[in-house]
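A.B. asks: Sending over a structure as structure tokens; questions will come in a sec.
The values are calculated or read from the model by the stated rules, or taken from the named source; none is laboratory data. The model shown is predicted, which means the values in this text are computed figures rather than measured ones. Every residue, glycine among them, receives a Cβ derived from its backbone with ideal geometry; neighbour counts consider all protein chains shown. Just the protein is used for accessible areas: all its heavy atoms, side chains included, with ligands, DNA and RNA removed. Shrake-Rupley method; radii C 1.70, N 1.55, O 1.52, S 1.80 Å.
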Amino acid sequence: MAGKAMNILIVGVGGQGTLLTSRILAQVAVDLGYDVKVSEIHGMAQRGGSVVSQVRYGEKIYSPIISKGDADIILAFEKLEAARWLDYLKPDGMIIINDDRVDPLPVMSGKVKYPEDIDQHIAQMVEKTLVVDASSIAVGCGNVRAANVVMVGILAGAMGFPEGEVEKAIQAMVPPKALDINLKAFKEGHNLYSNIA
Amino acid sequence: MKRLMIGNDAIARGAYEAGVTVATAYPGTPSTEIVSNLAQYPGVYGEWAPNEKVAMEVGAGASIGGARTLVAMKHVGVNVAADPLYTFVYTGVNGGLVIVSADDPGMHSSQNEQDNRGYGRFAKLPVIEPSDSQEALDFTRLAYDISEEFDTPVMLRITTRLAHSQTLVEEGEPKQVELKEYKKDAPKYVMLPGFARGRHVEVEKRLLGLKEYSNNTEINRIEWGDRRLGVITSGVCYQYVREVMPDISVLKLGMVNPLPDKLIREFAEGVERLVIVEELEPVIEEQVKSWGITVEGKEHFTLLGEYSPEYLAERLGGIAPAQGFGLDKEIPPRPPLMCPGCPHRGVFHTLKRMRLKVMGDIGCYTLGALSPLDGMDACVCMGASIGMAMGMEKAQGVDPSKIVAVIGDSTFVHSGITPLIDIVYNQGTSTIVILDNSTTAMTGHQDHPATGLTIKKEPAPKLDLEALVRAVGIKNVRVVDPLQLDELRSALEEELQRREPSVIIARRSCALLVKPPVNKKMVIENDLCTGCKLCIRIGCTGIYFIEDENLAAINPTTCVSCEVCAQVCTFDAIKIVEG
Ligand SMILES: Cc1ncc(C[n+]2csc(CCOP(=O)(O)OP(=O)(O)O)c2C)c(N)n1
């Protein structure tokens, strides 16, 4: 809230790569010369629970966590998680949703229903909503697990991050054997944003 | 050049720079990365101890032996280590010793949210609290100087938000520190009553010196601003206060025990209204009030959970964020759950079907308590399951054949051995199931004595669990594959019949550590599936239910072909296809 901080919330299901994503974005912000803070979730929730990583950057950052109503961007790797964290978005914020559905236990066991068309509901409320099939794009690049990096590509497009800086951060963060797939995933995401923007 | 680091990595760096050569810990979120990281630095001996008490004792020995030493654990680990800790405060150190207590307000990954600043007053040791990664590094370095200057262990108290937030850090130069000479000094190191009385005098003297230090150290500092409101705070709460009230006066405490009484008085006199912002217990507030200073605190703030900038803005005023979007939809919760292929799943499914009373323990398998497995009756702390099974049997007298204890391999080594001895010695009859997935999965797959590898993944003598339980006097010991449900069930039935204690070791590697088979997959034969949902009740993301078609279906991206669903299906509708 102090000054002009940029607040990015990355939400998903434990195991979808929120941690890696926040680390890539944070590294880009560091390389661009900002003060940066990142809050991560380790431990229990990483076992398939609802997880969130928070990246804040600007001239001077105090809190490592983002308040409700204060996220400039939400990057959601799953639709239900997009809905769960929506109240963190600023009134003029942007939400990028991966068109992926992972049923939580109460849905799998038939106790409750997965809310239908949840992404459409969000799109009706939030002007800047982008729903993309990042998982399919990632499969096309060679591994569904690179969906998070497809999303990084889209976000980088939206934020106007220099492509080279992001690629550098990906190189620094991703294990060598997964690098090619991830760089490809980034490119695809980035191109996708250029095409729709 | 500045680098982003989580607080835990910054502590490891600070310890390395301070010349630490011995580091010991038992894993526990949010502390685990400290020693796993520190062990990788050159010249540092790092280890996973079997539990926190042992870690503290290894630390005490290393310190007396002259090395700068770090001991790390999560907040509840300090309870386990408390016995040696309290008395090590009496002996004091030779090489500096820092014990890191990683508290977990909000219980992101813990069974309670105790506030370990309380240990500072109770055990009479200095407590230091950083508020970002740079301070984590700097304060760790400083803590070693305090430790050696005042001849005391120092507690570095952090919280989850500090441990797992990345902030920018400027690394320093590592110090060259010589191993201190060890001189035999029984009155200092042998805590017999006669010697300990003398040491208690030293402890009280030392605390007076530390209070003076606290009044003068740079890590306790007043930031004068608008004097209509003054806030005393520490740790990550300092960041939240600054976020929403950048202009007020703040007394930022880096040392929270002993408190700087003079500095606090000076600050109190300089502001119109004085408020203390501290998560969890009113540790600072109660002391300040006891000095007759008018101060507000917990009448505004909760004792529960984590604070946040928005919470402080709501309670104290300041910059509040805009109202966010409200979605008028019910959002189903997403609790954590066992991974597909997890060897624990079959065990809890079986225990539930057998309607047993299950005394549980702590680890990934505690998730077996949640719906739909619902396979646990009680869980308190690490190692408790076996003693609790014994107690329940003695209380109920009749039908102990319905009581089992389940405990993970790492937890068994941590603190399951002594209660097992109790069962043998006092002639209990419970059946103990050791869930041996050959790792400490919950905290991120650390090795332990029964995995045969060290913290650096180098080979180590492997603790033989079967031989160990036999040696304490268990006669009925067997090993089963927890993914073979029939085998598991008949083992349980047979052992529960006995009027003697038994140990069943359910052995299979954690599913996250083995590659799923590539030449095998599960398929559902739709004409055999009756839609009974038995397979859904194992709570696996590899299988789901299609309501419209009244059919179960396999999710090929998550399923790892562990075959548990196929064994559960009574209509043979789930088939294994090879190739
Ligand atoms: C005293 C204490 N120390 C550490 C922890 C953190 N912790 C929770 S469970 C666990 C061990 C889990 O390992 P294991 O028993 O092998 O079960 P798994 O998770 O592998 O199934 C640890 C270290 C704790 N809760 N309490």
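A.B. asks: What percent of all Cα-Cα pairs in the stretch B:2-216 falls in each 5 Å bin, counting up from 0?
C.D. replies: For the stretch B:2-216, the binned pair fractions read 1, 8, 17, 21, 22, 16, 10, 4, 1, 0, 0 percent.
A.B. asks: A further question follows. Under DSSP H, which helices of chain B have Cα atoms covering 20 Å or more of the helix axis and a Kyte-Doolittle average no less than 0.0?
C.D. replies: Helices meeting the span and hydropathy rule in chain B are B:75-91.
A.B. asks: Tell me, what is the FRET efficiency for residue A:111 and residue A:144 to the nearest 0.05, using R0 = 30 angstrom and their Cβ-Cβ distance as r?
C.D. replies: E(calc), rounded to 0.05, equals 0.65.
A.B. asks: Let me ask you something else. First measure r as the distance between the Cβ atoms of residue B:424 and residue B:399, then evaluate 1/(1 + (r/R0)^6) with R0 = 25 Å and state the FRET efficiency to the nearest 0.05.
C.D. replies: 0.75
A.B. asks: Round to the nearest 10 and report in Å² the accessible area of residue B:93, as given by a 1.4 Å probe over the protein chains' heavy atoms.
C.D. replies: About 10 Å², rounded to the nearest 10.
A.B. asks: Further, regarding this structure: Ratio to report: Rg/Rh of the stretch B:343-513, with Cα atoms as the point set and Rh obtained by the Kirkwood method; give two decimals.
C.D. replies: Taking Rg over the Kirkwood Rh, I get 0.94.
A.B. asks: Using the beta-carbon distance between residue B:145 and residue A:60 and R0 = 30 Å, what value does 1/(1 + (r/R0)^6) give for FRET efficiency, to the nearest 0.05?
C.D. replies: Numbers: r = 29 Å, r/R0 = 0.97.
With a Förster radius of 30 Å, E is 0.55.
A.B. asks: Magnitude of the Cβ-charge dipole of the stretch B:482-579, K/R +1 and D/E -1, about the Cα centre, nearest 20 debye?
C.D. replies: Roughly 460 debye, rounded to the nearest 20.
A.B. asks: Would you mind working out the accessible area per residue for the protein assembly as shown, using a 1.4 Å probe, and quoting it in Å²?
C.D. replies: That works out to 39 Å² for each residue.
A.B. asks: Please enumerate, by chain and number, the lysines with C-alpha under 16 Å from the C-alpha of residue B:74, excluding those fewer than 8 residues away in the same chain.
C.D. replies: The reachable lysines, counting only those whose Cα sits under 16 Å from residue B:74, are B:53.
A.B. asks: In a shell of Cβ-Cβ distance under 13 Å around residue B:456, excluding residue B:456 itself, what net charge do Lys and Arg (+1) and Asp and Glu (-1) give?
C.D. replies: Values: positive: B:457; negative: B:47, B:447, B:458.
Around residue B:456, the surrounding residues sum to -2.
A.B. asks: Another question, then. Can you give the alpha-carbon Rg of the stretch B:348-440 over 2.2 N^0.38 Å, where N counts its residues?
C.D. replies: This ratio for the stretch B:348-440 stands at 0.99.
A.B. asks: Then there is this: Take residue B:378, project a point 7 Å from its Cα along the Cβ direction, then tell me which residues of the stretch B:51-87 have their backbone nitrogen under 15 Å from it.
C.D. replies: Zone members listed by number: none at all.
A.B. asks: Still on this structure, please answer the following. If the chain between residue B:523 and residue B:302 were fully stretched, how many nm would it gain, using 0.36 nm times the residue separation less the Cα-Cα distance?
C.D. replies: Result for the pair: 74.4 nm of gain on full extension.
A.B. asks: Using unit Cβ charges (K, R positive; D, E negative) and no other charged atoms, how large, in debye to the nearest 20, is the dipole of chain B about its Cα centre?
C.D. replies: Result for chain B is approximately 1160 debye, rounded to the nearest 20.
A.B. asks: Let me have the 222 nm mean residue ellipticity of the protein assembly as shown computed from DSSP H runs of 4+ only, each contributing -39500 (n - 2.57), with the sum over all residues rounded to the nearest 500.
C.D. replies: Computed mean residue ellipticity for the protein assembly as shown: -11000 deg cm²/dmol.
A.B. asks: What is the spread of the Cα atoms of the stretch B:520-578 along each of their three principal axes, largest first, in whole Å?
C.D. replies: So the extents along the principal axes, rounded to whole Å, are 26, 19, 16.
A.B. asks: Can I ask one more? Mind jotting down the distance between the C-alpha centroids of the stretch B:217-267 and the stretch B:20-54, whole Å?
C.D. replies: Cα centres, the stretch B:20-54 to the stretch B:217-267: 32 Å.
A.B. asks: Putting +1 on Lys and Arg Cβ atoms and -1 on Asp and Glu Cβ atoms, find which of A:108, A:11, A:85 reaches farthest to the positive end of the dipole of the stretch A:1-115.
C.D. replies: A:108
A.B. asks: Might you report the magnitude of the Cβ-based charge dipole of the protein assembly as shown about its Cα centre, with Lys and Arg at +1 and Asp and Glu at -1, to the nearest 20 debye? Display every interim value, and only then the final one.
C.D. replies: Values: 78 positive and 99 negative charges, 301 e Å.
For the protein assembly as shown, the charge dipole is close to 1440 debye.
A.B. asks: Determine the gain in length on full extension of the stretch residue B:457-residue B:122; use 0.36 nm per residue of separation and subtract their C-alpha separation, reporting nm with one decimal. Provide the component values of the computation, followed by the final result.
C.D. replies: On the way: separation 335, 0.36 × 335 = 120.60 nm, distance 3.78 nm.
That works out to 116.8 nm of additional length.
A.B. asks: Normalise the Cα radius of gyration of chain A by 2.2 N^0.38 Å (N = residues in it) and let me know the number.
C.D. replies: 0.96
A.B. asks: Right, next: Rounded, prolate or oblate: pick one for the stretch A:87-197, where a ≥ b ≥ c are the square roots of the eigenvalues of its C-alpha gyration tensor, a/c under 1.5 means rounded, and failing that, prolate if a/b is larger than b/c, else oblate.
C.D. replies: Note, shape of the stretch A:87-197 comes out oblate.
A.B. asks: Taking 2.2 N^0.38 Å as the expected size of a compact globular protein, what ratio does the Cα radius of gyration of the stretch B:446-514 give against it, to two decimals?
C.D. replies: Taking the Cα Rg and dividing by 2.2 N^0.38 Å, one obtains 1.32.
A.B. asks: How much of the DSSP bridge set in the protein assembly as shown is antiparallel, in percent, rounded to the nearest 5?
C.D. replies: Approximately 35 percent, going by the DSSP bridge assignments.
A.B. asks: I need the Kirkwood Rh of the protein assembly as shown: take the reciprocal of the average 1/r across all distinct C-alpha pairs and report it in angstrom.
C.D. replies: 28.0
A.B. asks: Using alpha carbon centroids, what distance separates the stretch A:97-129 and the stretch B:512-564, in Å?
C.D. replies: 22
A.B. asks: Right, here's the next one. Would you mind telling me the antiparallel percentage of the DSSP bridges in chain A, rounded to 5?
C.D. replies: Working: 13 of 27 bridges.
Among the beta bridges of chain A, antiparallel pairing accounts for roughly 50 percent.
A.B. asks: For the stretch B:362-486, what's the relative contact order in percent, using C-alpha pairs closer than 8 Å and at least 6 residues apart? Provide the component values of the computation, followed by the final result.
C.D. replies: Values: 162 pairs, mean separation 24.6, N = 125.
20 percent.
A.B. asks: For the stretch B:255-321, calculate the relative contact order in percent as a whole number, restricting contacts to Cα pairs under 8 Å that are 6 or more residues apart.
C.D. replies: Relative contact order for the stretch B:255-321 comes out at 27 percent.
A.B. asks: Send over the Kirkwood Rh of chain B, from the inverse of the averaged 1/r over different Cα pairs, rounded to one decimal Å.
C.D. replies: After inverting the pairwise mean of 1/r, the radius is 26.3 Å.
A.B. asks: Counting only protein heavy atoms, what percent of the accessible surface of the protein assembly as shown is carbon or sulfur at a 1.4 Å probe?
C.D. replies: With neighbouring chains kept in place, the figure for the protein assembly as shown is 52 percent.
A.B. asks: Between residue B:546 and residue B:497, what is the label-to-label distance in nm when each label sits 7 Å out along the Cα-to-Cβ direction?
C.D. replies: Placing both labels 7 Å beyond Cα along the Cβ direction yields 4.5 nm.
A.B. asks: Further question: Cross-link candidates for residue B:184: which aspartates and glutamates have Cα within less than 19 Å, leaving aside residues fewer than 8 places away along the same chain?
C.D. replies: Of all the aspartates and glutamates, those that pass the test against residue B:184 - Cα under 19 Å, at least 8 places apart if same chain - are B:57, B:148, B:151, B:202.
A.B. asks: When the solvent-accessible surface of protein heavy atoms is calculated with a 1.4 angstrom probe, in what order do B:557, B:350 fall, highest first?
C.D. replies: The ranking, largest first, comes out as B:557, B:350.
A.B. asks: Where the eigenvalues come from the Cα gyration tensor of the stretch B:221-316, what are the semi-axes √(5λ) of the equivalent ellipsoid, largest first, in whole Å?
C.D. replies: 18, 16, 12
A.B. asks: Then there's this: Just name one of B:186, B:102, B:122: the one whose Cα is farthest towards the positive end of the charge dipole of the protein assembly as shown (beta-carbon charges, Lys/Arg +1, Asp/Glu -1).
C.D. replies: B:186
A.B. asks: Residue farthest toward the positive end of the dipole of the stretch B:2-216, with Cβ of Lys/Arg at +1 and Asp/Glu at -1: which of B:90, B:75, B:176?
C.D. replies: B:90
A.B. asks: Now a separate question. Any idea what the relative contact order of chain B is, in percent, if you count C-alpha pairs under 8 Å spaced at least 6 apart?
C.D. replies: For chain B, the relative contact order is 11 percent.
A.B. asks: Give the distance, in whole Å, between the Cα centre of the stretch B:81-98 and the Cα centre of the stretch A:40-64.
C.D. replies: 35
A.B. asks: With a ≥ b ≥ c taken as the square roots of the eigenvalues of the C-alpha gyration tensor of the stretch B:271-314, please select rounded if a/c is under 1.5 and otherwise prolate if a/b is larger than b/c or oblate if it is not?
C.D. replies: Oblate, since a/c reaches 1.5 and b/c is not below a/b.
A.B. asks: So, one more: Between their Cα atoms, which of A:184/B:329; A:4/B:262; B:252/B:298; A:68/B:211 are more than 28 Å away from each other?
C.D. replies: From the list (A:184/B:329; A:4/B:262; B:252/B:298; A:68/B:211), the Cα-Cα distance tops 28 Å for A:184/B:329; A:4/B:262; A:68/B:211.
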